[in-house]
Amino acid sequence: MQTSSQNPPAVNVSGLKKTYLSGESELTVLEGVDFRLEAGRSLAIVGPSGSGKTTLLGLCAGLDTPSAGSVELLGTRLEELDEDGRADFRGRQVGFVFQDFQLIPTLTALENVAVPIDLRGVPDSAARARKLLEEVGLGNRLGHYPIQLSGGEKQRVALARAFINEPAILFADEPTGNLDGSNGGHVIDLLFELNAQRQTTLMLVTHDLGLAAKCDEQLSLENGRIVANATA
Amino acid sequence: MRFILQTAFRDGRRQSRRLLLCALSIMFGVAALVAVDSFADNLNRALDREAKSLLGADLQITSRSSFTERTELFFNRLGGQQAREIRFASMAYFPGAGKSRLIQLRAIGGGFPFYGEFETEPAGANPAQSDQARIVLDPILMTQYELEIGDSVRLGEKDFEVAAELVSVPGEAAFAGVFAPRAYIPLSQLKATGLIGTGSIAFHRLYAADTPMAPEAFIAENKGYLTDNYLKAETVQDQKEDVGRPLENLNRFLGLVGFVALLLGGVGIAGAAQSYLQQKRDTVAILRCLGSSARTATWIFLLQITVVAVVGSGCGVVLSLLCQAALPVLLAPLLPFPMEFALSWPSLITGFLYGAATAFIFGLFPLLPLRKISPLRALRASYDENPARDKGATRILAVVTAGLLVLFCMSRTEAWWQGGIFAVALGLVLLLLWGIAALLKRLLKRFFNPRNYLLRQAAANLHRPNNRTVFLTVSLGMGTFLIYTLVLIQTGLLQQTDIAAQSDEPNLLFFDVQPDQLKGLHSTLEDYKLEVLEEAPVVTMRLAAVKGTKVSAIKRDPDNSIDDWILNREWRSSYRGQPGPAAEVIEGDYVSEWNGDGFEEPVPISLEADMARDLGVVIGDRLRFDIQGIPMEVVVSSLRRIDWTELRPNFFATFPLGVLEGAPQWWIAVTRSPDNETTADLQSALFEEFPNISAVDLNVVINALQSVFGRINFAVQFMGLFTAATGVIILINALATSRQSRIRESVMLRTIGASASQIRRIMAIEYGLIGVIAGVVGIGLALVAASALGTWVFKVEFSLPVLQILSAFGLVVAVALVTGLTGSRGIATHPPLAILRRES
């Protein structure tokens, strides 16, 4: 892990614990997770199914609250924010790419991409969304609805949406999990290209060791604990 | 805010048809309410406009006996313009047709009417302004006996020339002549008919206008005299209330029936919105991941619900314009004045607001859980599948909604408690429908396991996850319940009259038979091979004191609990040695004879049980009657229960033999005529011999009843149809909601070898089963409600109309089937490949 920097790390996780109630017993999904990720770097979280990867990603993105420990993004402690505060923080600083794309089915590709900046009332949202869609090669699919797009196209729309608010940190959950090899490769290339252009901090969850290897750092989870971390 | 508006529009744009369908759930309820309220508004305006012509005068004073000399002096003091009328039922003979029938004879004199027009065709034949032996007849008589102007009609001993056909009389509806047609003659010609004799039943009426003293003030000043002399005074305002109140009550009832459609529409909106918003959970989670607050995400859909509420209510208002035109046409013949249809803006606006508020409030229920959707759902589809309900907020909303509904019901009934009872009863019916439908669904799951795959699959569809079976059953069942309850009550009432008409019960009633005419009546009946089945003397009297307190004192007592109609009425009592036909002594001993040829007071009498209860007397209590000027002290010795549905001479008070034989009296008698022809011939023969005897043909009464009841019932059923239509819209909504998953299932079945016809059959069985459950529940509850109402309210016995029940059941199943299959068009034939590509 990179530990030497004068600026605050993009992600600083310490003593993170998450438990769920399963029936009457308590189920610990994550325990004693500590790590830092410096701005502009990329981190892959790997591990077998059920090891707590997605839970960790969700906690880091402020989608859920930890049972213990803290998550600090860009110097902001997420546990000090309320639900709306975390939503606002995500809107300004965070981008998302999901395994199953998570496009809003009733909006066109252009409208889907514009949502994060429309939420903040940014002017020219349509123009910016169009530009990004052109960058990901979907300039001819602006008015199409998700149901009219292929899997690869949907994920490219999702990529464009993730970058439209120029996030400082991008979280990606199995971004190629629902794509075939060729489409997956194309999306990954795009992801890293856009990431490099914008100097975004990237944190992704994957089963794909090849994809993990492309990241600056790798963090391996097993039974909710970090069992290995490595820096490229 | 811009984002909310923009996203609400963008999101709703793709699903505008579905949202519109959702909005239509409320449409019929709003239409029903607006139509009823507009009718009431138009009615009130017409009442205000026609106020004075409702009475034809400023004041009307009526007595059931001829006015005394003292009363005439009293009228002189009243001053102003005055007119007189004597009205009573009598037989009229039509020489041209050689037939006679019962009519309402009205002899008028003076300047009547002082307001409004006595309209005739040809015009200008008002008998009040003539002294000639000319008569104006109800159109029904002109048609029935093919009469022309100038033809002759005989009343008693006098022939009259037909002067005109009656068009309208101030204050009377066209239906006024439905039980017996009206005939008007000059008052000066009445004596010559010889129809008015001692003890004859007739109403004597004074009409007054332009009196020096205001009518209300005159009545207030002379209340004592009017009360003591059994004179009933009515002003224009009283008449307005008399005319308006029954229609207002009918209107309130129709409004409540319309309200059921609105309520059901609200439940429909909640159901449709729930399945719509269920599919929006992912969208909310995504929006929250992208930085939207829970509030912002909820507002987007709140805005859509608001638009749905406004559009649905608006459609209802538009539809109501058509219904507003229909109601006056249905009810116009019941009104004593012409009523014009005019747009009632207050009704349109309030109906719109009621509808929009109902849709909005019911739409909030499924919206509340959206606030609790976690953004984590975007990462894990399985997360938050059933978000924690915001129980506190839901409970508060439920309490507020229930409170508003109860308040609404209360605001639409005359007494608040009636609204409360209606709301509670409605809630109970809904709960019952819900409970029984849920139970039937469980029974189906538990016990309905046929070998046939198609049946098994169809039944399984009814209890699959996220099924709408109970909801659909309640919607269709509620409509079925409402309409069929009304149909059953109507059937029961008409069945009762039909039984009377078709069995060996009497169907011809003679009244005003003078004692010396009895023998002649028997003999005339024998000529037609008929016999008198029952006969009884009638002695008119008035109540003078109850338990030692004079009636005049009771009437002045503000705490008096006895109805005025009992105290003021002219009692027609009888004397007989037995309790009488269709009567049963339920308490005390019936005294058959009293003291031989003289009598010793108090005389033991028998009272009808309900009348005794209304009078507040029990066995042993004393009453005093004024028997045509002679006071008589009586004691209640027995109480009888009477079946009034039988056409038998029965009385509230019967005296023992040996007391009233010498009093002025007339007789009543009944017989059974085998057919209409015999009835007509007998009526003519009797008229020739005894013109004063009136013969009431039960068939005519039944026809008149059917006619009046039919119109009111149709209006009520018309409103009930709105509820059923709402149920159909809800069914269509549910079909639209589940269309995608049905297509997926259908494609899957086709992929593994099912034919399109097999899929259609599965769907047909499924909708058929929904119809079966709704039919069983709705019709079953209607049977319970109708027999309860029949037993306790209408006092009629129902025999199960098996064929009718089966037809109703078939109709409900057919509606469910047709709606279901029409709404599922194309599903069975959807190309599998296309759907697989679309869904990938």
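Please treat every number below as a calculation from the coordinates, not as lab data. On a predicted model such as this, the values are computed, not experimentally measured, just so you know. Positions of Cβ are generated from backbone atoms using ideal geometry, with glycine treated the same way; all protein chains shown enter the neighbour counts.
What order do you get for B:729-737, B:804-812 when each peptide is scored by the mean count of other beta carbon atoms within 10 Å, highest first?
Output ranking for B:729-737, B:804-812: B:729-737, B:804-812.
So for the protein assembly as shown: antiparallel DSSP bridges make up what percent, rounded to the nearest 5?
Roughly 75 percent of the DSSP beta bridges within the protein assembly as shown come out antiparallel.
Mind jotting down a quarter of the surface of the convex hull over the alpha carbons of the stretch A:129-196, in square nanometres, one decimal? Intermediate results must be reported in sequence, preceding the final value.
On the way: hull surface 17.9 nm².
Average of the hull's projected areas for the stretch A:129-196 equals 4.5 nm².
Per residue and in cubic angstrom, what volume does the convex hull of the Cα atoms of the protein assembly as shown have?
Considering the Cα atoms of the protein assembly as shown, their hull volume per residue is 239 Å³.
I'd like the mean, over residues of B:289-302, of how many other protein chain beta carbons sit within 10 Å of each residue's own Cβ.
Working: counts 14, 18, 18, 10, 9, 3, 3, 4, 2, 0, 0, 0, 0, 0.
Across the residues of B:289-302, the mean count of other-chain Cβ atoms within 10 Å is 6.
If a helix is a whole DSSP H run, which ones in chain B reach 30 Å or further along their own axis (Cα) and hold a mean Kyte-Doolittle hydropathy of at least 0.0?
Span-like helices, by this rule, are B:27-49, B:236-278, B:294-331, B:345-367, B:416-447, B:469-502, B:698-751, B:756-789, B:802-823.
Where q = 0.21, 0.23 Å⁻¹, what log10 of I(q)/I(0) comes from the Debye formula for the stretch B:219-299, counting one point per Cα?
Listed by q, the Debye log ratios stand at -0.98, -1.04.
Distances over 16 Å make up what percent of all Cα-Cα pairs in the stretch B:400-447?
51 percent
Arrange the peptides A:204-210, B:553-559 so that the one whose residues have, on average, the most other Cβ atoms within 10 Å appears first. Could you put the intermediate results ahead of the total?
Details: A:204-210: 18.4, B:553-559: 11.4.
Ranked by mean Cβ neighbours within 10 Å, highest first: A:204-210, B:553-559.
Filter the DSSP H helices in chain A by two things, a Kyte-Doolittle mean of at least -0.5 and an axial alpha-carbon span of 24 angstrom or more, and list the hits by number.
Span-like helices in chain A: A:181-198.
Grab the beta carbon distance between A:Ala126 and B:Glu414, set R0 = 45 Å, and tell me the FRET efficiency rounded to 0.05.
With R0 = 45 Å, the Cβ-Cβ based efficiency is 0.15.
Just to be sure I understand: if I project the alpha-carbon convex hull of the stretch B:559-633 onto a plane and average over all orientations, what area do I get in nm²? Mind dumping the intermediate values first?
Values: hull surface 23.9 nm².
One quarter of the hull surface, i.e. the mean projection, equals 6.0 nm².
Which percent of the Cα-Cα distances in the stretch B:644-688 go past 12 Å?
Details: 755 of 990 pairs.
It works out to 76 percent of all Cα pairs.
On each of the three principal axes of the Cα atoms of the stretch B:534-671, give max minus min coordinate, whole Å, ordered largest first.
Principal extents (Cα only, largest first): 45, 34, 27 Å.
Computed over the Cα atoms of chain B, what is the ratio Rg over Rh, Rh following Kirkwood?
1.07
Return the calculated 222 nm mean residue ellipticity for chain B, to the nearest 500 deg cm²/dmol, obtained by summing -39500 (n - 2.57) across DSSP H runs with n ≥ 4 and dividing by the residue count. Please report the intermediate quantities before stating the final value.
On the way: 25 runs with 447 residues, N = 840.
Computed mean residue ellipticity for chain B: -18000 deg cm²/dmol.
Quick check: net charge around A:Pro66, other residues with Cβ under 13 Å of its Cβ, Lys/Arg +1 and Asp/Glu -1?
Once positives and negatives cancel, what remains is -2.
So how strong a dipole does the protein assembly as shown carry about its Cα centre when Lys and Arg Cβ are +1 and Asp and Glu Cβ are -1, to the nearest 20 debye?
Magnitude of the dipole: close to 5860 debye.
How much length is gained on full extension from B:Lys232 to B:Asn449, taking 0.36 nm per residue of separation minus their Cα-Cα distance?
70.9 nm
For the stretch A:11-231, what is the percent of antiparallel DSSP beta bridges, rounded to the nearest 5?
For the stretch A:11-231, the DSSP antiparallel bridge percentage is about 55.
Between beta-carbons, use under 14 Å as the cut-off and find the net charge around B:Pro346, counting Lys and Arg +1, Asp and Glu -1.
My count for the surroundings of B:Pro346 gives -1.
Can you compute the equivalent ellipsoid semi-axes for chain A, i.e. the square root of 5 times each eigenvalue of the Cα gyration tensor, sorted largest first and rounded to whole Å?
29, 19, 18
Peptide A:141-150: average number of partner chain Cβ atoms within 10 Å per residue?
Per residue, the average neighbour count from other chains is 1.
Calculate the mean, over all residues of peptide A:109-115, of how many other protein chain Cβ atoms lie within 10 angstrom of the residue's Cβ.
3
Going highest first, how would you order B:302-311, A:181-190, B:677-686 by mean Cβ packing within 10 Å?
B:302-311, B:677-686, A:181-190
I'd like the antiparallel share, as a percent to the nearest 5, of DSSP beta bridges with both residues in the stretch B:59-210.
80 percent
What number do you get for the stretch B:59-210 when its Cα radius of gyration is normalised by 2.2 N^0.38 Å, N = residues?
On the way: Rg = 15.1 Å, N = 152, 2.2 N^0.38 = 14.8 Å.
Cα-based Rg divided by the globular estimate yields 1.02.
Taking only C-alpha pairs under 8 Å that are 6+ residues apart, what is the relative contact order of chain B in percent? List each step's numbers first, then the result.
Working: 1473 pairs, mean separation 144.5, N = 840.
RCO, chain B: 17 percent.
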